[in-house]
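Worksheet: the structure to be examined is printed underneath.
The values are calculated or read from the model by the stated rules, or taken from the named source; none is laboratory data. Note that this is a predicted model, so its numbers are computed, not measured. Reconstructed Cβ throughout: ideal geometry from the backbone, glycine too, with neighbour counts over all protein chains shown. With ligands, DNA and RNA removed, areas are computed over all heavy atoms of the protein, side chains included. Shrake-Rupley method; radii C 1.70, N 1.55, O 1.52, S 1.80 Å.
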Amino acid sequence: MIEVKVQNIVASTAFADKLDLDMIAKLEEAKYEPEHFHGLVYRLSDPKTATILFRSGNANCTGAKNVEDVHKAVEYIADTMRKLGLHIYKNPIIAIQNIVAVADLGEDLDLTGIAIALGMENIEYEPEQFPGMVYKLKEPKVAMLLFSTGKIVCVGAKNVEDISRAVEKLSKELDSLGLLH
């Protein structure tokens, strides 16, 4: 089985019906410059995440390497805002929007050969524009950037299992076409 390493998880949540960003901006971890951006950036060092809070009560958390860290970050921020006296939902619902992961097939790839073999309907490959090939899978619904070094960047997944399935599916497909040694 090919090792898949999660690099970033993007998740969304709602902390409340509305948030007082001016009050939250007083916190040490917060950065709020409304003249430049309408969201407040709340950075944590453990887990290492950045969460953007909006007046609407909605938020986007990025930077986590696993789903558990997303939950830790959201819980910590919710508890901190409650301590400020803000009315925060008891259990904010977290939705994973995107997982970015990397894998390595362990050998060089002939991207032109792969593009021809897999068919152009699910491929975007313009080597003059970008050194990688984009391969879009329908099931699981993810996009993979393949590089001639054998490295893969997988985006668009909602869970880690889908990434692992996609990488294994690609590996088997390339092997069955004689494109892996």
Bounding extents of the chain in its principal axis frame from Cα atoms, largest first in Å, are 62, 33, 26
With all protein chains present and a 1.4 Å probe, the order of 72, 26 from largest accessible area down is 26, 72
Carbon/sulfur accessible area of the chain, % of total, 1.4 Å probe, equals 52 percent
Comparing 35, 126, 168 in a Gaussian network model of the chain (Cα, 10 Å), the one with the largest mean-square fluctuation is 35
Sorted by accessible surface (1.4 Å probe, heavy atoms of the protein chains only), largest first, 1, 81 come out as 1, 81
Env charge @ residue 171, Cβ radius under 14 Å, K,R +1 / D,E -1, value -2
Net charge near residue 155 (other residues with Cβ under 12 Å of its Cβ; Lys, Arg +1; Asp, Glu -1) is +2
Residue-normalised value, i.e. accessible area per residue, for the stretch 33-181 at 1.4 Å probe, in Å², stands at 57 Å²
Along the dipole axis of the chain (charges at Cβ: +1 for Lys and Arg, -1 for Asp and Glu; origin at the Cα centre), the most positive-end residue among 51, 131, 77 is 77
Order by accessible surface, 1.4 Å probe, largest leading, for residues 107, 128 comes to 128, 107
If one builds a Gaussian network model of the chain from Cα atoms under 10 Å apart, the most fluctuating residue listed among 159, 66, 122 is 122
So, relative contact order of the chain in percent, Cα under 8 Å, 6 or more apart, is 23 percent
Probe 1.4 Å, all chains present, heavy atoms only: residue 94 accessible area in Å², nearest 10, is 40 Å²
Computed for the chain: size of charge dipole around the Cα centre, +1 on C-beta of each Lys and Arg, -1 on C-beta of each Asp and Glu, debye to nearest 20, value 740 debye
Listed by chain and number, the residues whose amide H is under 5 Å from that of residue 97, excluding neighbours fewer than 5 places away on the same chain and using placed H, are 10, 11, 12
log10 I(q)/I(0) for the stretch 87-129, Debye formula on C-alpha points only (no solvent), q = 0.22, 0.23, 0.35 Å⁻¹, two decimals, reads -0.97, -1.01, -1.15
The summed charge of the residue 180 Cβ neighbourhood (under 11 Å; Lys/Arg +1, Asp/Glu -1) stands at -4
Counting only residues 5 or more apart in sequence or on a different chain, those whose built amide H sits under 5 Å from that of residue 142 are 137
Between the Cα axis of helix 67-83 and the main Cα principal axis of the chain, the angle (0 to 90°, nearest 10) is 10 degrees
Measure of exposure for residue 130: accessible area at 1.4 Å probe, Å² rounded to 10, is 90 Å²
Diffusion coefficient in µm²/s returned for the stretch 91-181 by Stokes-Einstein, Kirkwood Rh over C-alpha pairs, 25 °C and 0.890 mPa s, is 181 µm²/s
Per-residue ellipticity at 222 nm attributable to helices in the chain (runs of n ≥ 4 DSSP H, -39500 (n - 2.57) apiece, nearest 500 deg cm²/dmol) works out to -8000 deg cm²/dmol
Filtered pair list for the stretch 1-159 (Lys only, Cα < 12 Å, 8 or more apart or interchain) has a length of 5
Comparing 73, 117, 59 in a Gaussian network model of the chain (Cα, 10 Å), the one with the largest mean-square fluctuation is 117
Expressed in square angstrom to the nearest 10, the accessible area of residue 71 with a 1.4 Å probe stands at 80 Å²
